[in-house]
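Presented below is the structure to which this report refers.
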Amino acid sequence: MLINNQNLSNLRTGFQTIVAQAQAIMKAESQYRKVSTFVPSTNKEETYGWMKQLPGMREWIGPRLVNSISEDGFKIKNKPFEETVSVNKYDIEFDNLGTYAPLFSMLGQNAQEQPDLLLWALVKSGFNTNCFDGQYFFDTDHPIKLPDGTMGTYANTDGGGSGSPWFLIDNSKGLMPFIYQEAIAPRFVALDQPNDQGVFMQNEFVYGMDMYCQVGFGLPQLAWGSKNALDGTSYAAARAGLGNIKKDGSGSPLGITGKLLVVGTANESAGRKIVNSEYGTGGVTNEWKGTAELLVVPWL
């Protein structure tokens, strides 16, 4: 193959097509969007000052009660990510390119998997990482304003256990318990001109993917996390715990219901028994069958 602009352009298109095909396959299997609000970002960081400003509707008596957005909000700063590969100039000249197809397929797959890697690592860290209210995302004493104006607390974890984590999530609201913030979606880039420095110095054409994004915690009221054994008792406690969380300031129920049971592979069997099995231990009717969708996440 002659090393000229037209052939290099055709080669770039071929590599990009392989990347795009792999991305399309992985996009269909992505799981992060099931529990995260997608937020397009136009800055290096975004401020979420509205997180604690929405107590709910109230009877309109007198003037409106304005819930001002806090200037000191929760910030999520985007981060750059990249992966780069090289193709030897002689492999192009002698048309020895068949072995590169799997490499570029992995390039697309890895880029499309990055949001899942980031998101589920964040979810696991929620037991010891602060969210917008200054508490761990999964905690037993999140602050909440009571109807009489005093401060109380609510829990979104049972606070015990040391096993594989599992989560019960309400993903039916306008907001999700987690945020995926994207300034630049995964994109294919190339340094493949015959006079590029890499070609001259190292005899290599360079291709890669980059993206600019980040994940963060949203509303802890929408997720319950536990490291206790996943059984009927702990699952019932999670459902009751979410259902008992009240609106800030009003004391009325938030209307949270566990819709999605999220488990890692270690808890897959237990999760299936909870929400899919007709019968429980001892042959009794399983009262929790069908109460939530099961999501098995390999990154947990």
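The values are calculated or read from the model by the stated rules, or taken from the named source; none is laboratory data. This one's a predicted model, so the numbers in the text were calculated from it and none came from an experiment. All Cβ positions, even for glycine, are placed from backbone atoms using ideal geometry, and neighbour counts span all protein chains on display. All accessible areas refer to the heavy atoms of the entire protein, side chains included, with ligands and DNA or RNA removed. Shrake-Rupley method; radii C 1.70, N 1.55, O 1.52, S 1.80 Å.
Quick rundown of the values:
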read-out	value
Residue-by-residue Karplus 3J(HN,Hα) for the stretch 13-20, coefficients 6.51, -1.76, 1.60, Hz, glycine and proline x	4, x, 4, 5, 5, 4, 4, 5
Within the stretch 104-254, percent of DSSP bridges classed antiparallel, to nearest 5	90 percent
Label point distance in nm, LEU97-ARG272, each placed 7 Å from Cα along Cα→Cβ	4.4 nm
Under 5 Å, built H, 5+ apart or other chain: amide partners of PHE127	PHE138
Accessible-area composition of the stretch 154-217, carbon plus sulfur, in percent [1.4 Å probe]	51 percent
Residue-averaged [θ]222 nm for the chain, counting only DSSP H segments that reach four residues, each worth -39500 (n - 2.57)	-8500 deg cm²/dmol
Sequence-distant residues sharing a close amide H with LYS259 (under 5 Å, placed H)	ILE169, ASP170, ASN171
Which of GLU93, GLU113, GLU287, GLU293 is most accessible, then next, and so on - probe 1.4 Å	GLU287, GLU293, GLU93, GLU113
Length-normalised contact order for the stretch 197-300 - Cα pairs under 8 Å, 6+ apart - percent	21 percent
Accessible area in square angstrom per residue, the stretch 123-215, 1.4 angstrom probe	45 Å²
Residue-by-residue Karplus 3J(HN,Hα) for the stretch 79-91, coefficients 6.51, -1.76, 1.60, Hz, glycine and proline x	10, x, 9, 8, 8, 10, 10, 10, 10, 5, 4, 5, 5
Within the stretch 94-200, chymotrypsin sites (Phe, Trp or Tyr not before Pro) in DSSP loop having at most 15 other beta-carbon neighbours inside 10 Å	PHE94
Inter-probe distance in nm under a simple model that places probes 7 Å from Cα toward Cβ, at ALA24 and SER162	4.9 nm
Between the stretch 270-300 and the stretch 196-242, the Cα center-to-center distance that results, in Å	24 Å
